[in-house]
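Below is one structure, written out as structure tokens, with a few remarks after it.
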Amino acid sequence: MISPTKFSFSTIKLKVQPFLLFIALILGLSNAFGQSRATITGNVSDQFGSLPGARVSVEGNSTTATTDVKGNFIISVDEGEYVLKADFVMYTAQFKSIIVKVGETGVVDFELKTGFSMDQPVSLGSRATPESSFLTSAPVDIISPQDISNASRTELSTVLHYLAPSFHSTQQTIADGTDHIDPATLRGLGPDQVLVLINGKRRHNSALLNVNGTVGRGSVGTDFNAIPLATIERIEILREGATSQYGSDAIAGVVNIILKKQVEVIDIDNRILINSEGDGFENYSSGNFGLKIGNTGFLNVTAEYRNRNATNRAGDYQGAVYSNDPATDNLLIGQNDFYGQTGFDNMRVMEIGNAETQNLALYFNGEFQLSPTAAIYLHGGRNYREGKSHGFYRFPKDKDRVVLELYPNGFSPGILTDIQDDAVVMGIKGVKNKFNIDFSHSIGGNRIDYTVNNSNNASLGITSPRTFYSGGFLYDQNTTNLDISRAFDYFSGLNLAFGAELRVENFQIIAGEEASFINGGSTYFDEDGNEKPRIAGAQIFPGIQPENELNRFRTNTAGYMDWEINPNNNLLLKVGGRYESSNDFGSQGVYKFSGRYRINDKLSLRSSYSKGFRAPSLHQVFFQNISSQFIDGDIVQVGTFNNESAVATEAFGINGLRAETSRHFAAGLNGKISDNITFSLDYYYIDINDRIVLSGQFAEGYEEILAPFNVSAAQFFTNAIDSKTFGGDASIHYKTSLGTGEFNASIAANYTKTKVVGPIKVPKSLIGQEDVLFNREEIARVEKAQPNFKINSRVSYEFSKYHLQLGNTLFGEVAYIHPEDGDTSNWVLNEFTGNVETRDQTFAPKLLTDMAVSYQFSDNIRATLGGNNIFNVYPDAHTHSANTSDGNFIYSRRVQQFGVRGANYYLRVLLRL
């Protein structure tokens, strides 16, 4: 693929050498602290056998160990008496004491019992010592190691889509770069209203701005799939606004991904998967291992490879090919043997469905003890992805965009993406005068480059290349954090936390090669003999022009303070505040009040109220480009003009972007009905003002203004709407011994409803054009493009060497609303029914079922055979012929509940060495 400004090996060498010297120094220091004179060994197991990866720690100091593939551990200590703690996520911790003397080896064995996620310590929602979600004031979901290990999908966003009801992420189609970076949301809000953390540290966003007609249009999110599944130990999802605690972007909630620390086991995971339709073949391989450094340090490393072929669910094209006259066209189709056809029927000319991708990732997570009270930690990695997708077919009848001498039968243009994602976090943490201190620096970057192939720049005529480098986008983020906290013995407990953050962001737009955007001046003659200019730029993705190149920075500083107080053992009160200041969008102060009351040992009530905010992303402030967009049956060149441009400020009167502000209220109840059943119920209300959206396309009346830019329509970002979102989450978990095995069942649900409220906010120069600025289709994208509810249920039974798993996911309805069909005079003929009807359509709820059977051949080998969506369920098909784009789209590309892959089956072999 064509991609300039690649890193040279010499540059990499210069950057890596200091890092290697640093690691060598740390290893030496770690070994220096690793001298011991006694040994404690033992085994950790559950009712089915050994527990590899369980953690054994010595109470009162930082000495830890993890169990190997047989559940064994070894700890070196000085002579004395010790209390050992054995724990594993989703198991109840167990404590045992032992006395060892010099030269002796003591033996301590543990047999753990499974527990509930409610009992697990969580780090989100509080900066104090981690407590179980039963004791916190915020709702936190835990995706356990078992959940991740048993997941039947291989991409993180898809795994969360089927495990967390409030999380939504589906693969898009015919949407340029959004085909390769999946938008992800919480509670029906936008991708840019979800904050992602890795080991508690802010993760950078992607360079991609979603500008096509998908969920999250006009927003930029985090590329979840750049994080390899094999490196993740567990995931915490805070389902509550938390901008006062973690900063801008946390309006909908926070996803904290916690990386593996295990050092005793080598996991090698291999999977193959194929759709029942015979396409979409996928192969996955990963390896994870850890190295112990001294007594307490570790370095965990992951390598992961994913390759997925394309899925195609296109319909039969029924439109014109060579001529708009049906009789002439039918004759020409037969004469030219177009795709081997002799008429209109069975012409599948497009590729609609999951794009082809190839993904390679290397990740690491480490910690090195410098002293009993201080440690250095680091984590990060690199992900590289190649994507290949297609756009709308360019037919030979469209002489303004097809050079017939190059493509006499037209062409299916392809977009090739090179996506590189890098991240490194380093920090030091320790205790000084009873204060916990954490100082860290994070560097993250994401770059996407576009190559267009099997295309032409029609304005160059016969001299046009067929392949173009069309440019790209780059986003970098540098974040420095200082976090300080301390627990006091006042009342039944008092915690104070405060800190500061400095964040520097950089967004770049990179121009394409000249042939990808230049206007070569070639013309054509239409059917009436009139000479007209051909469209300039590479078809499907016109190259970014040099005048649209930019390199912009933002500096953001913040300070925060949190108080937590337990007036008594049953009541917890919290108050927090944060103040952020940016060099471009101004300053903002936010706050949060929350509390939890333990009604008894098995029932807890919680509630919170907060003010939040989200700063406009650099992408939204500065993005500008020309793109080819399919608008109501035609391909249109659309210019996106940023708020610095004369077009936006003078022609349309657009002002600078402001930060979104929000108000949140939440209340919840959780507890245990018995030792076997837990539950949680939560209600939430989110009021957001000045939401930043990408406008509709302004065309009529602006032809003279737009002509110099070779575009037919203009769009821009603006604070156009206010919205209200309310809903609820509910879950219940059950476990029990059944025969010789263990039975687990859970059901979790989310209901959400978003409503755009009040009038559309338009500048004075656009009064009367509210329906253009943000029409009914765009309003529906905010309100109805994501399922209004989702219910996830899972049942598993583990006995002997077998593990059986059944999962069901019920997706609520979504709706497509046509921009003009609110007026019945705009209804059009539906060729399916023969009636004049609205193009609006509601897509009914659907239930998908997954099933898997695993067998443990030995301690080292486990095999799984399973299927996803085993009943081959698809979304509702289009009911109006005008929505199919001449038959191409059987299913909607604008709103999706779960994609169009259909049933697929997989074989997995896990080696544990």
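Derivation of every value follows stated rules applied to the coordinates shown; laboratory data play no part. Please read these numbers as outputs of a predicted model, since none were measured by experiment. Cβ coordinates were reconstructed from backbone atoms using ideal geometry, including for glycine residues, and neighbour counts include every protein chain displayed.
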Span from the segment 442-508 Cα centroid across to the segment 139-197 one, whole angstrom: 18 Å
Loop-resident sites, segment 653-743, for GluC sites (Glu not before Pro), counting at most 11 other Cβ within 10 Å (DSSP): 700
Charge-dipole axis of the chain as Lys and Arg at +1 and Asp and Glu at -1 on Cβ define it, positive-most pick from 67, 358, 427: 67
Whole-Hz ³J(HN,Hα) from phi, Karplus 6.51 cos²θ - 1.76 cosθ + 1.60, for segment 725-732, glycine and proline x: 10, 9, x, x, 10, 8, 8, 9
Footprinting exposure proxy for 274, 817 (fewest neighbouring C-beta atoms within 10 Å first): 274, 817
Relative exposure of 881, 152, judged by other C-beta atoms within 10 Å (fewest first): 881, 152
Using θ = phi - 60° and Karplus 6.51 cos²θ - 1.76 cosθ + 1.60, couplings along segment 886-894 (whole Hz; Gly, Pro as x): 6, x, 5, 9, 6, 10, 5, 9, 8
Protection proxy ranking of 848-858, 299-309 - average other beta-carbon atoms within 10 Å, highest first: 299-309, 848-858
The chain: angle of helix 326-335 to the longest principal axis, Cα-based, in degrees nearest 10: 70 degrees
Qualifying lysines (Cα of each under 25 Å from Cα of residue 672; at least 8 residues distant if same chain): 85, 113, 574, 602, 735, 790
Hz values of 3J(HN,Hα) by residue in segment 848-861 - Karplus curve (6.51, -1.76, 1.60), Gly and Pro given as x: 10, 10, 10, 8, 8, 10, 10, 9, 8, 5, 7, 4, 9, 10
Point-charge dipole on Cβ atoms (K/R +1, D/E -1) for segment 33-114, about Cα centre, debye to 20: 100 debye
Rg [Å, one decimal], Dmax [Å, integer] - segment 461-575, C-alpha atoms: 29.0, 90
Order of 673, 509 - criterion: other Cβ atoms within 10 Å of each residue's Cβ, fewest first: 673, 509
Lys/Arg +1, Asp/Glu -1 at C-beta; the chain dipole; positive extreme among 572, 842, 749: 572
Kirkwood Rh, angstrom, segment 218-293 [1 / mean 1/r, Cα pairs]: 15.8 Å
With Cα atoms, 0 to 90° folded angle of helix 9-32 axis to the chain main axis: 10 degrees
For segment 139-297, with +1 on Lys and Arg beta carbons and -1 on Asp and Glu, the positive-most of 157, 286, 140 along the dipole: 140
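Under a point-charge model restricted to the Cβ atoms of Lys and Arg (+1) and Asp and Glu (-1), what is the dipole moment magnitude of the chain relative to its Cα centre, in debye to the nearest 20?
On the way: 78 positive and 98 negative charges, 651 e Å.
In total the dipole reaches around 3120 debye.
Can you list the GluC sites (Glu not before Pro) in segment 496-561 that are in a DSSP coil and have 12 or fewer other beta carbons within 10 angstrom?
Numbers: sites: 501, 505, 513, 514, 527, 531, 547, 549; in loops: 513, 527, 549.
Qualifying residues, ordered by number: 527.
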Label assignment, Rg/Rh (Cα atoms, Kirkwood Rh) derived from the structure, set (1) 0.98; (2) 1.17; (3) 1.01: (1)
